[in-house]
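Structure record follows, encoded as structure tokens.
The values are calculated or read from the model by the stated rules, or taken from the named source; none is laboratory data. If you're wondering where the values come from, they're calculated on a predicted model, not measured in any experiment. Don't worry about glycine lacking a Cβ; one is built from the backbone with ideal geometry, like all the others, and counts go over all protein chains shown.
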Amino acid sequence: MSTLNFALVGCGGITLQNHLPGLALCPEVRVTALCDADAATLERARQQTGATILSNDFEQIVTRDDVHAVIIATPNHTHVPVALAALRAGKHVLCEKPLALNVADARRLVDAAEAAGVRHMTAYTYRFVPAMRYLSHLIAQGDLGQPYHYRSCRLQDWGTRNLGWRQVKQFAGTGELGDMLSHRIDFAHHLVGPMRRLVANVKTLTPVRDGKPNDTDDWVAILAEFKNDATGVLESSKLASGRNESWRSLDYVEINGSEATFEFTTGRWDSLQHGRRGGPGLQTLSVPREFWTWPGSPRDPGVGDPLVSFRYDQAFEFVDAIRQQRPCAVTFADGVRSQEVMDAAIESAAQGKWIDLSGA
């Protein structure tokens with residue numbers, strides 16, 4: 001096919017901020033169909049895209065013959081039914097994380113995608129940060145040596161404002177665990193490998209947000225052991241007062257190995273901190289320009305805010321994988337691996353004990 005027709009299911013902030021600008025950079029790509037339960041949100045997306053096919057029924061959208069690919073950016077509890085409908089209709093699917101509310105349902109999506117023979121992608125957007133890409137490259141070529149320790153810390157100040165469906169467990173599944181720590185779990189898998197076992201805790205410190213009940217976690221921590229014997233410490237919070245939000249807040253990863261240490265911070269998209277064994281301490285390591293954009297991406301890294309625009313490369317990778325008929329760089333299988341850890345973390349917090357992941 002020369003032109004790829006996309007349907008967007010869920011037309012809120014993430015779609016307008018991340019997915020639409022990315023698709024706009026891709027040649028011979030057209031947004032033809034939109035779906036959202038909210039009429040005002042749907043109209044705003046229509047004005048921005050010019051799409052003429054609109055519906056509040058996802059089945060009518062994802063099964064259309066003139067739709068080739070679907071991006072899902074809806075509340076978490078709807079990911080599985082929307083994705084299954086799209087996959088059974090033979091559509092390529094990019095789905096926001098977490099894929100599902102539990103690992104069994106996430107695995108259903110992998111099975112359906114593989115059976116359909118289509119491209120599938122989990123939206124772990126931070127994989128596309130230039131500094132993260134360069135860090136992955138350095139570790140893959142052996143600069144770290146044997147991994148010893150992985151730690152990540154994501155601290156934001158969301159206060160007690162109303163988070164809508166994100167503070168309702170029935171719709172979100174989890175709070176900070178699935179919202180923010182899932183990305184850092186994916187970092188751990190990407191950079192270090194699978195986990196062997198973990199112990200975790202979660203806290204809901206704001207049972208009421210702006211007058212509305214909240215039954216999701218706003219703080220989570222995981223202590224992990226990896227299958228390669230490395231250790232892991234992961235923490236994430238919405239209640240780190242004064243830490244600000246988004247890329248203005250702390251998003252930190254450090255990996256210590258037998259040969260070196262690397263530190264990655266999302267806010268420093270074009271550099272890492274790096275130190276060699278026995279050296280004087282961490283020094284700034286610039287990210288080479290060839291890592292500033294995803295391979296083949298038409299995005300100009302000098303245009304716009306680089307702490308936002310790296311996200312657009314995700315859409316390009318999805319489109320390119322469709323055209324090249326190859327697996328996406330981040331697949332549903334990556335979403336399943338993170339969901340296995342999240343399910344284990346919830347089980348650990350409930351039972352107060354270590355959970356074995358060796359069968360995952």
- Item | Hits in segment 129-157 - residues which are of a type in the set (Phe, Trp, Tyr) and either crowded, with 22+ Cβ neighbours inside 10 Å or under 16 Å from Val82 (Cα atoms) (or both) | Tyr134, Tyr150
- Which numbered condition trips up His274, out of (1) more than 18 Å from Ser136 (Cβ to Cβ); (2) touching a residue at least 12 places away in the same chain (Cβ under 8 Å)? (1)
- Task: Output the residue which, of all residues in segment 1-22 that are over 17 Å from the mean Cα position of the chain (by Cα) and modelled with pLDDT under 95, is surrounded by the fewest Cβ atoms within 10 Å (Cβ to Cβ).
- Result: Ser2
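How many residues are part of a helix (DSSP H, G or I) and touching a strand residue (DSSP E or B) at 6+ places or on another chain (Cβ under 9 Å) when one looks only at segment 25-47?
4
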- Query: Looking at (1) in a helix (DSSP H, G or I); (2) within 29 Å of Gly296 (Cβ to Cβ); (3) touching a residue at least 40 places away in the same chain (Cβ under 8 Å), which is the only condition His77 fails?
  - Reply: (2)
- Message: Among the residues of segment 203-245, what is the count of those that are outside any strand (DSSP E or B) and buried (at least 16 other Cβ atoms within 10 Å of the Cβ)?
- Response: 9
- In segment 23-41, the residues that are under 24 Å from Val80 (Cα atoms) and crowded, with 19+ Cβ neighbours inside 10 Å: Leu23, Val31, Thr32, Ala33, Leu34, Cys35, Asp36
- Message: Considering only residues that are more than 22 Å from Trp247 (Cα to Cα), touching a helix residue (DSSP H, G or I) at 6+ places or on another chain (Cβ under 8 Å) and in a helix (DSSP H, G or I), which ones fall in segment 159-181?
- Response: Trp165, Gln170, Phe171, Ala172
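Results for (1) assigned by TED's automatic domain parsing to the domain that holds Tyr252; (2) part of a strand (DSSP E or B), shown as yes or no for each residue.
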| residue | (1), (2) |
| --- | --- |
| His274 | yes, yes |
| Pro280 | yes, no |
| Pro298 | yes, no |
| Phe316 | no, no |
| Ile322 | no, no |
| Arg326 | no, no |
| Val330 | no, no |
| Ser348 | yes, no |
- Return the only residue of Ala188, Ala200 being on the phi < 0 side of the Ramachandran plot, in a helix (DSSP H, G or I) and surrounded by 21 or more Cβ atoms within 10 Å (Cβ to Cβ). Ala188
- Could you tell me whether Thr261 is at pLDDT below 95 and among the polar types (S, T, N, Q)? no
- When segment 87-128 is examined, which residues are found to be under 18 Å from the mean Cα position of the chain (by Cα) and in a helix (DSSP H, G or I)? Val103, Asp105, Ala106, Arg107, Leu109, Val110, Thr125, Tyr126, Arg127, Phe128
